[in-house]
């Protein structure tokens with residue numbers, strides 16, 4: 001048997017194995033996103049994801065200046081607890097922290113670890129505006145968007161190895177070039193689809209918590225205007241912008257309003 005024939009047999013076996021593994025993973029690792037009902041591939045167990053979230057949260061807080069403002073901390077705690085109460089995650093150990101930094105950003109990690117940067121408060125204006133931010137970020141955690149992105153990378157790497165076998169590539173530099181050519185290089189935390197999904201879930205969460213979801217539109221308008229003035233690049237990095245975002249929010253508003261009961 002010629003060398004080229006032997007090589008083709010190895011490549012074919014590698015491809016078949018990659019396809020088989022990917023197919024099995026897709027079948028056994030499907031989850032459903034709350035509110036939207038979208039199916040997603042999740043390869044990490046929830047305990048593994050929660051541990052990753054806790055580790056990352058502790059690391060970030062150890063490097064940041066945690067706010068000592070009683071007023072701001074009380075507001076973030078109040079809004080966070082109301083959203084947590086309607087999130088249907090009794091296994092989460094919720095924590096809400098304020099990072100004293102002039103950066104228009106916020107995040108929520110698996111397990112209910114939430115942080116808000118003081119720089120975003122000039123855009124939230126009110127507690128309802130803050131609920132837009134916290135609902136959006138908590139939605140990422142509830143939808144397990146981080147675990148989904150990690151799972152996609154795991155599957156992509158399986159296919160990438162098969163691609164390397166086809167090309168006979170062993171050099172890491174060449175493999176990196178192939179990876180980037182196929183969009184498998186360095187990626188931002190969330191894609192636009194996930195950001196839009198977080199918008200929709202966040203609307204429902206804030207409405208269930210008793211905050212008027214219609215406050216989402218002016219908040220995002222203020223954020224978009226701020227971005228044009230050297231404002232928040234992190235929070236809006238991959239999010240649908242301008243007219244697209246506002247149109248989507250208005251489309252989802254009836255759904256959110258059906259859950260809205262104002263609190264006295």
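None of the figures in this text is laboratory data; all of them are computed from the coordinates on show. Everything numeric in this text was worked out from a predicted model, so none of it was measured. Note: ideal-geometry Cβ built from the backbone for every residue, glycine included; neighbour counts use all protein chains shown.
Put in line by how crowded their Cβ is, counting other Cβ atoms within 10 Å and starting with the fewest, 244, 36 read 244, 36. For the peptides 197-208, 55-66, the ranking by packing is 197-208, 55-66, with the highest mean count of neighbouring Cβ atoms within 10 Å listed first. Ranking of 125, 113 by neighbouring Cβ atoms within 10 Å, starting from the fewest: 125, 113. When each of 94, 220 is scored by the number of other beta-carbon atoms lying within 10 Å, the sequence from fewest to most is 94, 220. Highest mean packing comes first when the peptides 77-88, 129-140 are listed by Cβ atoms within 10 Å, giving 129-140, 77-88.
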